[in-house]
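J.: Below are the structure tokens for one structure; questions will follow.
The values are calculated or read from the model by the stated rules, or taken from the named source; none is laboratory data. No experiment lies behind these values; they were computed from the predicted model shown. So basically every Cβ, Gly included, is an ideal-geometry build from the backbone, and we count neighbours across all protein chains shown. Heads up: the accessible areas ignore ligands, DNA and RNA and are worked out on the full protein's heavy atoms, side chains in. Shrake-Rupley method; radii C 1.70, N 1.55, O 1.52, S 1.80 Å.
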Amino acid sequence: MLARIIVLLLLVQLTTAQEKERTGSIQGQLIDGTTNQPLVGANIIIVERPGTGATVDGSGMFMIVNVPVGEYSLRATLIGYQQSVLTNVVVSTGRSTKVKMRMNEEAVEVGEVEVKADYFASEGSIAPVSTIGLNGAEVKRSPGSAMDMQRIVQNLPSVANSNDQSNELIVRGGSPDENLTVMDHIEIPTTNHYPNQFNSGGPINMVNVDLIEDIRFSTGGFPANYGDKLSSVMDISLREGDKERTFAGSGLAHFAGAGGVFEGGFAGGKGTWILSARQSFLETLDQIVGITALGITAIPKYYDLQSKVTYEISPTQKLIVNGIYGDDKILIEGEPEETNEQKRNVHDSTGVENVDVVTRQFAAGATLRSLYGSDGYSLFSLFLIGNNYDVEVTEDFTDRRYDAAGKVVSFQKLLSNAVFINRSQERQVGAKFDLLYHLHTDHELMTGGQLQTTATFKNDIYFNSDTLRFDLNGDGMFEIPQSTFVNGRVNRSLGFGEEFKAGAYISDRMTVTERLSATVGVRYDYFTYSKKGTVSPRLNISYELVPLVTRINAAYGEYYQTLSLPFYGDNAGTDKNRFLENAHARHVVVGIEHLMGDGLKGTLEVYAKSYDRIPVTEEFIRSADPTFRSDLRRSVGERTSQGIELFIQQKQVENFYGTLSLSYSRTVTKDPRLDLPGFAPVNQGEYPSDYDFPFLMTLVGGQVVHDVRSWLDAAPAYLKYPSMLLPLSDDMEFSVRFRYSSGKPYTRREFTPNIQRREGGITWSKGTWMESQQVNGERYPDYHRLDLQWLSRWHNEGYNIVMVVALQNVYNRANVAGYQYLSDGTRNTIYQFSFFPVIGTSVEF
């Protein structure tokens, strides 16, 4: 394999040697940041080549041709608008680079203040507070992200994750299912492979970053047009295909998958299409070298398809059709073989767990975008979303014999039982409408609504019997000789149109004075199944302390979220959990932002979130009694989170870019447990939340380096030819990421022989691991990790090669993910990703 890589590098270097100047083009669109109207007549220039540019035509489009390959910034100017700069525009040989730029009107008289270009307008914004925008190039280049958009936003302040194995987002003390994802106006429950019904995260994202135009991410205080989520909004815009070419594409292979992206135009340039198809990178390696050579026992097999088709019906109307599909499979087989010095010459028996997971998820929709000139625009979407979760957990009861060194030398499976089976299917169809309209110079109205109905909901769950016996007074006699929580099956289903979710909102963004603006809104949401309706007022205020330089922002809002459908079920298939309240959170945010230089912005914010109506199981409420069992839930949970955040962002202006995020927070849960007569007191008053990560720090930096290959080609032979073994080109980037996080809280477990479990229906265990009554009284060790990345581009006649070399967890920090508790009383430590080198490449044609 190494020899093949060396040969490939030599061929790349030789084919690019003494090449003539390569050129490409930049095709873009310039729109008003509020109304989306084309900004006709604006001037676009390349900052690094002041004599090269274009003028925006009547449809808002511009084209700059014969641009030498490289990386550039574009500057847009138009009377009455603040200058806007878009960085990280990569031009490749024979290709048309697609960009979208936005400009904001100059709302205030700036007087003697020096007017600086706006480097942060092109990605757009969700709200004045707690929002960041990333363009497509910034998304693709982020070190340590494994080409995963959710891992990229983990670089932001107060955005945590529980471990490396998941890209879940824990935003300002919120759970991972509280985050809204919107892609081209369509709300998607999850964009991840291997998701579940209670968590929007997963090990890898389905969205191919090569299709992302820009991302806007809000960590709180978002306005009334976003609903039914408590913590954050990720609003993704996908780029269109290359309408100047009938067919173009690229092949790729990196950590996120192996496959290709294909695109083109049709109908004389009125239509565009783009398609991405990928499969698991590890599965691809398995097909090439085999699973034995990879040294792992379970290969994740996943596939994803993603597409976007657009058609211009008229100069003011465009039809947009989107789709995304993921198919995931993995079989994790437990290993009865082990080496344990504490079990020398022992003969024992244990349960070995196997997990078989098959999931499928998709979303498809069509959106009609209508522009009303300077008055505003509307979006109307029809969509279908769905998923299938098939999970089967089996336990093999296994007899084992150890030798004198503590190694298993023989084992025999005695019995195999199904422990848990979940067959779930969800389908929802819906419609969504948004209208932005300028009623007056000082008033910008936004209104809309959404209606969703269940097309299919089936949740078939089987759980095996759990047989325990208890020695409550510790005298060696089991007072409850056998307490069997019988196996059962829960089968819930809803047909088409049986239940609905509906929401509507209205908001007014008003200019109060030249420096003061405010957005006031309210939304109403209703869910027919639980028969719960909620009213959510929202308020955003922004004051220009120093016009176009320093701004004070504040936000207040009430947020409600309906629960995942399985929360409303129970083990007997009754309606006792049907009328749970919608979970509720209140946001208060105050902050200041300051432009410190070209493309350099600093933001300082403080926030407070308070939760209530969170569902809690009655079994936990009455957990002072270890024999109590119930599947009833109550809307009594409460949680608070307060924090302070610093975020500094440097856009790429002089070949350097970077971000620094710092946050300190405290997230606690009010203890809902009851002190029961005859049992030890358990109520703590409050305890650290599962989502409490007090200190977070992430530093990202990158440097663009030009003309290294040309310099080496002109160097003496002893430098030139050895350097061909390295992926060096004339267009390279070196980047680094360091992340530090407080350890995740967890509840200590104690092994007790006084409660025993029937294993395999054959024998009693030696005891049971019981959680301490002090909830989250311990923390895993603090997390920290260093990632390095090296990106190199070669521009050739008719094609381009991009190679990425990523070194994750460079100093091999042993970050703890959790502990595995075995029925024999031993505990194993589970670690997160160790040092992991990744080489990825793509070929554009």
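J.: Can you give the calculated 222 nm mean residue ellipticity of the chain, where each DSSP H run of n ≥ 4 adds -39,500 (n - 2.57) and the sum is split over every residue, rounded to the nearest 500 deg cm²/dmol?
T.: Result for the chain: -1500 deg cm²/dmol, rounded to the nearest 500.
J.: Have a look at 367, 409, 388 and report the one farthest towards the positive end of the charge dipole of segment 323-436, computed about the Cα centre with Cβ charges (Lys/Arg +1, Asp/Glu -1).
T.: 367
J.: Would you work out the charge dipole size for segment 522-646 about its Cα centre, treating the Cβ of every Lys and Arg as +1 and the Cβ of every Asp and Glu as -1, and quote it to the nearest 20 debye?
T.: Result for segment 522-646 is approximately 340 debye, rounded to the nearest 20.
J.: Using the beta-carbon distance between residue 771 and residue 706 and R0 = 60 Å, what value does 1/(1 + (r/R0)^6) give for FRET efficiency, to the nearest 0.05? Walk me through the intermediate numbers first.
T.: On the way: r = 57 Å, r/R0 = 0.95.
Between residue 771 and residue 706 the formula returns 0.55.
J.: A further question follows. If you count only protein heavy atoms with a 1.4 Å probe, what accessible area per residue comes out for the chain, rounded to a whole Å²?
T.: Details: 35550 Å² over 845 residues.
Heavy-atom accessible area per residue stands at 42 Å².
J.: Could you work out how far the C-alpha centroid of segment 127-179 sits from that of segment 729-758, in angstrom?
T.: Here the answer is 17 Å between Cα centres.
J.: Show 596, 510, 724 ordered by accessible area, largest first, where the area counts protein heavy atoms only and the probe is 1.4 Å.
T.: Values: 596 95, 510 50, 724 10 Å².
I get 596, 510, 724, largest accessible area first.
J.: Viscosity 1.567 mPa s, temperature 4 °C: Stokes-Einstein D of segment 120-166 from its Kirkwood Cα radius, in µm² per second?
T.: Values: Rh = 11.9 Å.
Roughly 109 µm²/s, to the nearest whole number.
J.: Related question: I want the local charge near residue 322. Using Cβ-Cβ distances under 10 Å, sum +1 for each Lys or Arg and -1 for each Asp or Glu among the other residues. List each step's numbers first, then the result.
T.: On the way: positive: 308; negative: 184.
Once all neighbours under 10 Å are counted, the net charge is 0.
J.: Apply the Karplus parameterisation 6.51 cos²θ - 1.76 cosθ + 1.60, with θ equal to phi minus 60°, to every residue of segment 623-632 and state each ³J(HN,Hα) to the nearest whole Hz, in sequence, with x for glycine and proline.
T.: Going residue by residue, I get 6, 4, 9, x, 9, 7, 10, 6, 10, 6 Hz, with x marking Gly and Pro.
J.: Quick one: Cα centre-to-centre distance for segment 395-444 and segment 708-727, in angstrom?
T.: If you average the Cα positions of each part, the centres end up 50 Å apart.
J.: If you roll a 1.4 angstrom probe over the protein chains with everything in place, what fraction of the accessible area of segment 567-617 belongs to carbon and sulfur, to the nearest %?
T.: Using a 1.4 Å probe with all protein chains present, segment 567-617 comes out at 59 percent carbon and sulfur.
J.: When a/c is below 1.5 the answer is rounded, else prolate if a/b is larger than b/c, else oblate, so apply that to segment 508-609 with a ≥ b ≥ c taken from the square roots of the Cα gyration tensor eigenvalues.
T.: Prolate, because a/c is 1.5 or more and a/b exceeds b/c.
J.: Separate question: Using amide H atoms built 1.01 Å from N in the peptide plane, name the residues 5+ places from residue 266, or on other chains, whose amide H lies under 5 Å from its own.
T.: The answer is 271, 272.
J.: List the trypsin sites (Lys or Arg not before Pro) within segment 500-538 that fall in a DSSP loop (any state other than H, G, I, E or B) and whose Cβ has at most 12 other Cβ atoms within 10 Å.
T.: 531
J.: Counting alpha carbon pairs within less than 8 Å and at least 6 residues apart, what relative contact order, in whole percent, applies to the chain?
T.: Relative contact order, the chain: 10 percent.
J.: Please state, rounded to one decimal and in Å, the Kirkwood hydrodynamic radius that segment 368-411 gives when every pair of distinct Cα atoms enters the mean of 1/r.
T.: Evaluated on segment 368-411, it is 17.5 Å.
J.: So what's the angle, to the nearest 10 degrees on a 0 to 90 scale, between helix 2-16 and the longest Cα principal axis of the chain?
T.: The helix 2-16 is inclined about 10 degrees to the chain.
J.: Using 0.36 nm times the number of residues separating residue 508 and residue 571, minus their current alpha carbon distance, what extension gain do you get? Numbers along the way, then the final one.
T.: Numbers: separation 63, 0.36 × 63 = 22.68 nm, distance 4.61 nm.
Computed gain between residue 508 and residue 571 is 18.1 nm.
J.: With +1 on each Lys and Arg Cβ and -1 on each Asp and Glu Cβ, and nothing else charged, work out how big the dipole of the chain is about its Cα centre, in Debye to the nearest 20.
T.: Values: 78 positive and 100 negative charges, 103 e Å.
Roughly 500 debye, rounded to the nearest 20.
J.: Could you grab the Rg to Rh ratio for segment 790-837? Cα atoms only, Kirkwood for Rh.
T.: 1.40
J.: Hey, another quick one. Pick out, from 463, 727, 596, the residue whose Cα sits farthest towards the positive end of the charge dipole of the chain, with +1 on the Cβ of Lys and Arg and -1 on the Cβ of Asp and Glu.
T.: After comparing all options, I get 463.
J.: Continuing with this model, one more query. If the chain between residue 391 and residue 443 were fully stretched, how many nm would it gain, using 0.36 nm times the residue separation less the Cα-Cα distance?
T.: Working: separation 52, 0.36 × 52 = 18.72 nm, distance 5.18 nm.
That pair, residue 391 and residue 443, stretches by 13.5 nm at full extension.
J.: Further question: With charges set only on the Cβ (+1 for Lys and Arg, -1 for Asp and Glu), what does the dipole of segment 665-787 come to about its Cα centre, in debye to the nearest 20? Each step should come with its number before you reach the end.
T.: Working: 15 positive and 16 negative charges, 106 e Å.
With Lys and Arg at +1 and Asp and Glu at -1, about 520 debye.
J.: Another question, if that's okay. Considering all alpha-carbon pairs of the chain, what whole percent are spaced by more than 36 angstrom?
T.: 51
J.: How high is the FRET efficiency from residue 372 to residue 836, r the C-beta distance, R0 45 Å, rounded to 0.05?
T.: Calculated transfer efficiency: 0.30.
J.: How far apart, in nm, are two points set 7 Å out from the Cα along the Cα-to-Cβ line at residue 819 and at residue 456?
T.: Output for this residue pair reads 4.3 nm.
J.: Classify segment 163-252 as rounded, prolate or oblate from the Cα gyration tensor: take a ≥ b ≥ c as the square roots of its eigenvalues, call it rounded if a/c is under 1.5, otherwise prolate when a/b beats b/c and oblate if not.
T.: oblate
J.: Could you list the residues of segment 230-245 with an amide nitrogen less than 14 Å from a label point located 7 Å from the Cα of residue 25 in the Cα-to-C-beta direction?
T.: What the label zone holds, given the 14 Å backbone N cut-off, is 242-245.
J.: Tell me, what HN-Hα J-couplings in whole Hz come from the Karplus equation 6.51 cos²θ - 1.76 cosθ + 1.60 at θ = phi - 60° for each residue of segment 791-800, using x for Gly and Pro?
T.: Computed from phi, the couplings for segment 791-800 are 10, 9, 10, 10, 9, 10, 5, x, 7, 9 Hz.
J.: I've got another one for you. FRET efficiency for residue 431 and residue 316, Cβ-Cβ distance as r, R0 = 25 Å, nearest 0.05?
T.: In this case the efficiency is close to 0.70.
J.: For residue 606 and residue 245, compute 0.36 nm times the residue count separating them, minus their Cα-Cα distance, and round to one decimal in nm.
T.: Gain in length upon complete extension: 125.1 nm.
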